[in-house]
Structure formats: structure tokens, C-alpha cells
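Notes follow the structure.
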Amino acid sequence: MTTHAVVPSGVLIPVVVGFLFEVGQYFVQNQAELVMHTREHAIIVIRALVIAVPLGVTLGTVITYDDRLATVVLWLAGIMTIPSVALFALLLPSLGTGTPPVVMALILYTQLPVIRNTYVGLTGVDEAAVEAGRGLGMTRFQRLRQIQIPKALPVVMSGVRNAVVLLVGIAAIGEIVGAGGLGVPIFDGYRGSNSVEIVAATVALATLTLLIDYAFGVVEQLLRLRNGEDLQRSLGTRAVGALAAALPSRTTDHPDRTPNTRARQ
């Protein structure tokens with residue numbers, strides 16, 4: 001019969017508190033290094049998004065015109081979501097080590113959520129609105145640009161938001177090919193059996209993920225509000241709205257100008 005030792009709460013609590021103190025101490029002593037790795041991590045993700053989002057939105061828009069093409073493209077985008085370590089290994093012979101294979105892998109991982117949400121958003125626009133545009137004499141491109149894309153943007157942004165959260169985590173694994181970022185202290189802690197370093201780097205990674213997710217969530221909510229949806233505004237959305245209201249509006253004529261000044265102009 002197997003017995004399990006029970007750690008008394010009076011012993012466990014000091015241990016946990018002591019460990020958390022060590023983590024906080026690590027943050028204080030290594031804040032410059034953590035900030036550097038966080039910046040590297042964010043740059044890797046941004047570099048991937050700058051290429052991946054326009055590519056995914058373009059493909060998602062093109063496949064709305066052909067259902068058979070949509071099936072093929074979405075299937076291929078799904079195949080790209082193979083395990084990250086295997087994808088890095090496939091990219092190493094052609095791209096070498098460092099940042100390039102990680103950025104390429106992140107671009108591929110982004111395609112499925114962005115293409116799928118773009119396709120769903122554009123095909124889910126109210127047909128009556130599209131028909132109204134056709135009745136007004138709009139071309140297919142005009143209907144796409146003025147009716148479908150504005151209505152589909154919140155859905156597209158939701159796909160981008162999901163992709164970004166995924167990419168921040170995958171980018172940490174890129175340290176196995178020398179990409180840098182927050183994966184460096186995580187793997188260093190693993191190699192040195194330093195649980196404090198692992199936990200501190202993981203907290204930094206989770207904080208970065210939550211901040212990015214919240215920022216994209218605010219943008220998504222603003223787009224939904226612009227489309228007339230009735231939503232409970234988040235703190236960030238209210239702050240952006242208050243800031244926009246506080247900014248002076250652009251006018252064609254400056255109120256401080258006198259009639260004589262206008263006449264001279």
C-alpha cells in the first residue's frame with residue numbers, strides 16, 4: 001500500500017512565500033536583462049505580424065470568390081499548424097538558425113486564424129447591405145471596400161487577436177534555434193535547474209501576452225462599436241473614447257483667425 005506524505009500548511013506557506021520572495025528578488029536584480037529579452041520577443045512577433053496579417057487578409061478575401069479555392073486554402077493553412085519544433089526543423093536547412101526560421105514559422109501559424117476569420121467575416125456580411133450597394137451601382141471592389149470589409153473588421157481582428165496570443169507563446173520555443181527573446185531565461189533556467197529563473201521569465205511572458213491580448217481586444221471592441229453593436233465598454237475602450245473626445249477636432253477654418261487675417265490669406 002502506497003502512502004503519500006502530506007506537507008503541513010504551516011511548513012508549506014513559508015516555503016511558498018520564500019520562493020515568491022526569491023522570484024521578486026530575481027526581477028529586481030535582472031530587470032535590465034528581462035526588459036531586453038521582452039523587447040526582443042515583441043520585435044520577433046511584430047516582424048511576423050507585419051507580413052502575416054496582410055497576407056492572411058488578402059488570401060481570406062480572395063477565397064470568398066471561389067468556394068472550392070476556399071476549401072483548398074483553408075486545408076493548407078490547417079496543415080501549417082504542425083508542432084512548432086518540427087516546423088523549426090523543417091525550416092532550418094533553408095533559413096539557418098536565429099530569428100529567420102522563427103519569424104517564418106510564426107507567419108505560417110498566423111495564416112489559419114486570420115484567413116478563416118477574414119473569410120467568415122466577409123461571407124457573413126448581411127446580404128441586404130451588399131444588395132443595396134449593388135443597387136446603388138457600386139462595383140464588386142467598391143462593395144468590398146465600403147461595405148463588406150468595414151463590417152468584417154471586428155471578426156478579422158478577433159482572428160488576429162487569437163493568432164497573436166498563440167505567437168507569443170510559440171516565439172519562446174524559438175530559443176532552441178537561437179532566436180532570443182524570453183525563451184532565453186526560460187531555457188537557461190531549465191538547463192541550470194533554476195526554478196526561480198523559469199518562473200520569473202514565465203511571468204514576464206504571461207504579462208506580455210495579457211497586455212497584447214488586452215490591446216487587441218480594445219481595438220476589436222472599438223470596431224464593433226463603430227459598426228453599431230451594443231457592448232459593455234471595457235476600461236481601455238472608455239479611456240480611448242475619452243482621449244478621442246478630448247482631442248481638438250479638425251476644422252477647415254481656425255476659430256482664432258480674424259476676418260482681416262482671412263482676407264489677407
Calculated FRET efficiency for the pair L20/V50, C-beta based, R₀ 35 Å, to 0.05: 0.40
R226 paired with S195, simple spin-label distance in nm, labels 7 Å along Cα-to-beta-carbon: 4.8
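Looking at segment 76-122, what % of the alpha carbon pairs are farther apart than 17 Å?
Numbers: 396 of 1081 pairs.
Of the Cα pairs, 37 percent sit more than 17 Å apart.
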In nm, spacing of pseudo-spin labels at D126 and V35 (7 Å Cα→C-beta vector): 5.0
Charge dipole (debye, nearest 20) of segment 14-243; +1 at Cβ of Lys and Arg, -1 at Cβ of Asp and Glu: 680
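Can you give me the Kirkwood hydrodynamic radius for segment 14-243, using every pair of distinct Cα atoms, in Å to one decimal? All intermediate terms of the calculation are to be shown ahead of the outcome.
Working: mean 1/r = 0.0506 Å⁻¹.
By the Kirkwood definition, the hydrodynamic radius is 19.8 Å.
Using 0.36 nm per residue of separation minus the Cα-Cα distance, give me the extension gain between A215 and L76 in nm, one decimal. Working shown, then result.
Values: separation 139, 0.36 × 139 = 50.04 nm, distance 2.97 nm.
47.1 nm is the gain from fully extending A215 to L76.
Where a number appears in this text, it was derived from the coordinates with a stated rule and is not lab data. Since the model is a prediction, treat every value here as computed from it, not as a measurement. Every residue, glycine among them, receives a Cβ derived from its backbone with ideal geometry; neighbour counts consider all protein chains shown.
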